[in-house]
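Heads up: the structure comes next, in C-alpha cells.
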Amino acid sequence: MPAMNAQQLEKYSSAITLSDMELFVFPELTYSLLLANLMSPIIWRWRQESTFTKLKGKSAYRTLLRLRQFIMDEYEFNLDLNTWGLTHKDTELNRFKDQMSSEVIARSNALFGYTGDQYYFDVDIRRHFGLDQYDGDVIPYWKTETVEAMNAFRLKEGYRTGAGECVSLSTLYAAAAFIIGGIPLDDIFMILTPLHSQNFIDISDGIITNNRRLVTKAMWFNGTEISNKAQRAIRNEQVTVVAHQTGYIHTVYDEATIAPDRYRYFTEKLSEFLTVKLNHLHLTNFLRSYPQYVKYFQFCRFLRGERMFVKAETLFNYEHGSSFRIYDDSFDKLLDEVAEEDYSIYKLPDRLCVEQLMAFVEYESVDMQNPADQAKVARFISPMVGPSADQCVKDLVSFLHIAPKLPDANKRFISAEPLRLDPQWDREQVIAYLESMRDKNPSADLAFYAFRDMTRCDWRPFLKASLERSPVSIEFFKDDTIEQVAAKLSAWPNESIYEGPRLAHPDEVANYKTGDGIEKALTLANILLSRNPRHSMQLIVDGHAVTLKTPAQTFSFSSSKGLTRSFRLAHAAYDALA
C-alpha cells in the first residue's frame, strides 16, 4: 500500500479509535463507521430473526417500529465516560493543530468546555454528562463503537445487554434501517451536534432516531417529557456535521462534499418535520409540555347533549393514568373515564376555554409564525393569562416550530463520487462495491479501517491507534509485573470480538477480557511501551503462532486469524520487517 503522510496516518488511525474529537475533526469518519456496520455479519444475521422474517413484505415504517423494539431490547445507552479511559487536552489539541485551532475546538466540543446555549447552562450539562468530574487538563476519551464492540458489552460486569453511546446507536440504526428495513441510504441523513447524534430518515412525514428510540412527527410534538428530551439537541445545539451517502457538510470547514441539492432537500424536509400548525391537539400538547400555563385553561365538552366544563389540570391528571389522550382519536374514551363531580355545568370565569381560543385562531386565520398574529393571540388571552400572555405566546411559537442551527449552506462544494448501495444487495455485494469505491470515496476507504479487516488495510494506522491511544489496558494492568500481565492475558479466552481477519485494539481486549493471540500480544506491547517508551520489540504473526520478542524476553500466543505479518514495534514507529 502507498505510504501515508503524518496527516493521513492520523486520520486513518482515528478510524480505529473513533473518539468524539476524531469524529469532529475528520467528518468522513462518521459515515465510515456506518459503512463498517453495513459490512458486519452481525446485522445481516438479524434478517434471519423470526421477529423480522414475519415482516417480509410489510412497509418500511412497520419494520422500523419492530427494529426499534429489537434495539431497545438488545442495547442500552452507555454514558460511562470512563469506558475508554482518559487522555489530556493538550495531547488532543496538539494532535489536531494542523486541522483546527484550539479556539474553534473549545467553542464546539463538550470535552473542551462547550456548554451549549442557555438551555444547557440551566441544566448544567457538564454535570449531566459527568464531565464536571474532570478538572484541569485530564479529559475522558469519548469513543464510539462498532456493532461488535457494542455487542461485547455483554461481557463487561454490570451489563446484561449490548450497549453504546449515541453515535454508536445512530450508526447502528442507520445500518439496520438499510439492511433490515430496505431503506435507501439516500433517504438517511446523519445529524451530529457536540453532545448528540441522530438520524433523519425520510419516510412518511419523517422519523428521527434518538438513541434507542424512533420519534415520528406526531411523537415529536406530543408534549411528553420523553419527546421534550428527544428535542434537546436539535432545539438547543449547533449542528456540527450532516453526513449522507453523497458526503458531508461541517459547520467549521469551508469545504463540503455533500451534494448541494440533497442538502437543500434535507433542510427543507427537516424544517417541515420541525413545524406544525396550531390546532386543538397541538395546543393541548403545548399545555402538556408547559404545565405552568395549564392553570389558565379549561376544556369545554358536551356530555349527554349538555355543555360541561373541566379544568385542564383535572383532565391531564386523568390522562396521566390512562392509555387515552386529549384531542387524539381516543379523546372520547378518556372523557368517559372522568367522574361527573369533576365536570361543571358553568364555565369557570377565570379560565380560557381551549375550544374558545381555537375558534378565535380559526376565525382570524391566525399564522403563529406571523408576529402580527402572535400579538393578536396575546391580546386575546391576556384577560385570563394576564402579564404572562406575551411569554405564553412566545413559548407556544417556539413549541410549534424549531429552527435548527444547521451548517451554513454557503460552502465551497467539492464534487465527490457518491456511494450508491442497493438495499436489495446481499452482504458480499455491499463489501465488493465498497472495495471498488475505495480510491473514489474517502469514507469507503476509511470504512475498511473502522471494519478492522487487516487483509485489506495498512497495519500502521491500527498499530498507531493501539499503541498510542489505549489507556484502559495500561490502567487495568498497572499493578502487575510484565510476567503477570502475560499470564493474565494467556488465561483469558482466546476469542476475538471480531470475526475473521479483523482485530480488536488493546482497550477492547482489556474491557471485555477476551482476545485472539495477536490482540493479546499487542495489548502486552502496549503495556511494555507505556512503561518504557524506548522499548523496541518484534511482533511476528505466522499463522497460528504469535510471538512478541523484546531484547530480554519472548512471549508466545496462538491465533486463529490466519494472518502472516511481522513488525518492529517502538514508540511512534511501526515498521514492517522484511
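The values are calculated or read from the model by the stated rules, or taken from the named source; none is laboratory data. Note that the structure is predicted; figures quoted are calculated from it, not measured. All Cβ positions, glycine included, derive from the backbone under ideal geometry; neighbour counts span all protein chains shown.
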Only one of these is in contact (Cβ under 8 Å) with a residue 40 or more places away in the chain, within 21 Å of TYR343 (Cβ to Cβ), hydrophobic (A, V, I, L, M, F, W, C) and not in a loop (DSSP other than H, G, I, E, B): LEU270, LEU283. Name it.
-> LEU283
When residues of segment 332-342 are limited to those that are out of contact with any Phe, Trp or Tyr (no Cβ under 7 Å at 6 or more places or on another chain) and closer than 28 Å to CYS392 by Cα, the one surrounded by the most Cβ atoms within 10 Å (Cβ to Cβ) = LEU335
List every residue pair whose Cβ atoms lie under 6 Å apart, where the two residues are 6 or more positions apart in sequence or sit on different chains, the first residue falls within segment 462-480 and is outside the structural domain of TYR12 (by TED's automatic domain parsing) and within 15 Å of PRO140 (Cβ to Cβ), and the second residue, located anywhere, is surrounded by 21 or more Cβ atoms within 10 Å (Cβ to Cβ) and of a type in the set (A, V, I, L, M).
-> VAL472/ALA510
What number of residues in segment 301-321 are surrounded by 14 or more Cβ atoms within 10 Å (Cβ to Cβ) and either under 12 Å from ALA339 (Cα atoms) or not charged (D, E, K, R) (or both)?
-> 9
Within segment 60-76, work out how many residues are modelled with pLDDT under 95 and of a type in the set (Ser, Thr, Tyr).
-> 2
Mind checking whether some residue in segment 527-545 is under 15 Å from ALA465 (Cα atoms), crowded, with 24+ Cβ neighbours inside 10 Å, in contact with a His (Cβ under 9 Å, 6 or more places away or on another chain) and in contact (Cβ under 8 Å) with a residue 12 or more places away in the chain?
-> no
Could you please give the count of residues in segment 539-565 that are within 13 Å of ALA525 (Cα to Cα) and touching a Lys or Arg at 6+ places or on another chain (Cβ under 6 Å)?
-> 1
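For every residue, the table says whether it meets (1) surrounded by 13 or more Cβ atoms within 10 Å (Cβ to Cβ); (2) over 27 Å from the mean Cα position of the chain (by Cα); (3) not assigned by TED's automatic domain parsing to the domain that holds SER197.
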{"residue": "MET368", "(1), (2), (3)": "yes, yes, yes"}
{"residue": "ALA409", "(1), (2), (3)": "yes, no, no"}
{"residue": "ASP426", "(1), (2), (3)": "no, no, no"}
{"residue": "ASN441", "(1), (2), (3)": "yes, no, no"}
{"residue": "ARG456", "(1), (2), (3)": "yes, yes, yes"}
Is it the case that GLU49 is modelled with pLDDT under 90 and in the same structural domain as ALA176 (by TED's automatic domain parsing)?
-> no
Filter segment 142-158 for residues that are at pLDDT below 95 and not charged (D, E, K, R); the one that is farthest from PHE24 (Cα to Cα) is GLY158
Count of segment 237-258 residues which are surrounded by fewer than 21 Cβ atoms within 10 Å (Cβ to Cβ) and within 14 Å of ILE402 (Cα to Cα) | 1
The strands (runs of 3 or more DSSP E) lying wholly within segment 154-242 that contain at least 2 residues that are under 10 Å from the mean Cα position of the chain (by Cα) and under 22 Å from GLU22 (Cα atoms) are 188-193, 196-201
Mind telling me which of the residues ILE179, ILE188, ILE203, ILE208 ends up being out of contact with any strand residue (DSSP E or B) (no Cβ under 9 Å at 6 or more places or on another chain), surrounded by 22 or more Cβ atoms within 10 Å (Cβ to Cβ) and aliphatic (A, V, I, L, M)?
-> ILE179
Please state which one of ASN317, ASN285 is closer than 22 Å to ALA378 by Cβ and of a type outside the set (Phe, Trp, Tyr).
-> ASN285
Identify, by number, the condition in (1) modelled with pLDDT under 95; (2) under 30 Å from VAL104 (Cα atoms); (3) assigned to a helix (DSSP H, G or I) that ARG262 doesn't meet.
-> (1)
Inside segment 443-454, can you point out the residues that are of a type in the set (D, E, K, R) and either more than 27 Å from the chain's Cα centre (by Cα) or assigned to a helix (DSSP H, G or I) (or both)?
-> ASP445
Could you name every one of the helices (runs of 4 or more DSSP H) located completely within segment 334-440 that has at least 1 residues being modelled with pLDDT of 95 or more, over 30 Å from PRO184 (Cα atoms) and among the small types (Gly, Ala, Ser)?
-> 354-363, 371-385, 389-400
Given the structure, is VAL215 free of Cβ contacts under 8 Å to residues at least 60 places away in the same chain and either assigned by TED's automatic domain parsing to the domain that holds GLN429 or surrounded by 23 or more Cβ atoms within 10 Å (Cβ to Cβ) (or both)?
-> yes
